[in-house]
Structures are given as structure tokens and as C-alpha cells.
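Step one of this worksheet: look at the structure below.
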Amino acid sequence: DLLRGMVLPAVRSRIAERRGSLTEAENLARRALATAASLDLPFHTAGQEARVALSRVLTERGEFEEADELLTSAIASYRTRGWRGGVAEAEIELVPTIAARDGIDAALAAIAEARVGDAGPLPPAVQPVADRLEAGLRIEVGDLERAATLIERLPAGVDRQLLEVALALARAWTYILANTSGEGWVRMS
């Protein structure tokens, strides 16, 4: 029951969420969480994975309250158990919800707070997640140099490539705006 009802659906929910299959991700995550509850394992690691996937789905849909509750309960559970890596990951996973609900400045502040946290720097496995999220936010606010520094630290892969493209586009847009009155852009397009 543990493997079929909770672990596999939790892992599959994270995969479905990353692919953009939000309904599938939600169904799998809720199944994993229901199994965790029925087995009286509300804070099993697989359940935490399901919470993260479900919170991402809910954030994407604008359902911030439930998304926040899922991760806040995960943070509390990890703190109780002394699992610094879990606390840091859940705090970083809250960032998209914070950005969508409270704005980019609040999200950047949350990342900064998670980076120093109550138990020291982020664990190595969580660092790239924080860097990826912060780089995207930095591009949005026009802090392109800090974004570039963060992108350089990311491991090779699709996330890094997408951020490199976003950074290049932001730099091009900044250049165009700085060197034309806006009319040049109309002529060029």
C-alpha cells in the first residue's frame, strides 16, 4: 500500500507537474496524500513530495491559500524533525506562491531569508532551485547582472537554457529601449 498508494503517485505527481499536466499532477498528489492519511503517515517523505507538487499546481491556478497551507504544514513538520534540507526546500517552494500573491519583492525577500535560514546556508541540493527561481525573478525586475551570476551557477540543462534565453531577450530589450525612443522598435518589428 505504501509503495503503490503513496510513493509512486507522489513521484509521478512531481513528474506530471513538471510536464505541465496539472490535472494529472493534482489527482496523483491527492491520492498520495489520502493514502498517507489512511496509513497514519501524514508527514512521510513521499507525502511531502505530493504536497510540493500539489502546491505548485494550486499556485498555477491562483489557489494560493491551499498552496500556502500545504507547504507551511510541510515546513512545520520538517522543523519538528530537525530536517533542515526539507525546511529549506519547502521554503523555496513557497516562493512562486509568494511571487504570485504578494509580488516579486516579497518573493526575493523570501529567497534571501531562506538562503540564510535558521540553520545556515541552503543545502547543496536546494541551492540550484533557489538560484533558478531567483534568476527568473531578477530578470523580471531588470537586475540582469545578478541574474547572470545566478544562471552561471546552475547545472547544465533545460532550466539553465531557458533562463539564458530569457536573459538574452531581456538584455536585447534593455538595449533597444536605451538606444531608441521606442520608434526604432516599431520600425524593426
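Here A99 passes the criteria (1) more than 21 Å from A25 (Cβ to Cβ); (2) open to solvent by less than 60 Å² (accessible area, probe 1.4 Å); (3) at pLDDT 90 or above except the one numbered (1).
Looking at the range 38-75, which of its residues are among the hydrophobic types (A, V, I, L, M, F, W, C) and more than 18 Å from the chain's Cα centre (by Cα)?
To start, the set of residues in the range 38-75 that are among the hydrophobic types (A, V, I, L, M, F, W, C) comprises 39, 41, 43, 46, 50, 52-54, 57-58, 64, 67, 70-71, 74-75.
Of everything in the range 38-75, those that are among the hydrophobic types (A, V, I, L, M, F, W, C) and more than 18 Å from the chain's Cα centre (by Cα) turn out to be L39, L41, F43.
Taking the conditions exactly as written (open to solvent by 10 Å² or more (accessible area, probe 1.4 Å), among the charged types (D, E, K, R) and at pLDDT 90 or above), does E49 satisfy them or not? In short, no. Right, V7: open to solvent by less than 50 Å² (accessible area, probe 1.4 Å) and closer than 27 Å to R138 by Cβ or not? Criteria not met by V7.
Could you pull out the residue among L163, L137 that is modelled with pLDDT of 95 or more, assigned to a helix (DSSP H, G or I) and in contact with a Gly (Cβ under 7 Å, 6 or more places away or on another chain)?
Numbers: L137 fails: in contact with a Gly (Cβ under 7 Å, 6 or more places away or on another chain).
Exactly one residue qualifies, and that residue is L163.
Of everything in the range 13-29 that is at pLDDT below 95 and open to solvent by 60 Å² or more (accessible area, probe 1.4 Å), the residue that is nearest to T59 (Cα to Cα) is R18.
Run L71 past the list (1) open to solvent by 40 Å² or more (accessible area, probe 1.4 Å); (2) in contact with a Leu (Cβ under 8 Å, 6 or more places away or on another chain); (3) under 21 Å from A46 (Cα atoms) and report the number of the one that doesn't hold. So the condition that L71 fails would be (1).
The values are calculated or read from the model by the stated rules, or taken from the named source; none is laboratory data. All figures in this text were calculated on a predicted structure; none of them were measured in a lab. So basically every Cβ, Gly included, is an ideal-geometry build from the backbone, and we count neighbours across all protein chains shown. Accessible surface is based on the protein model in full, side chains and every heavy atom, while ligands, DNA and RNA are left aside. Shrake-Rupley method; radii C 1.70, N 1.55, O 1.52, S 1.80 Å.
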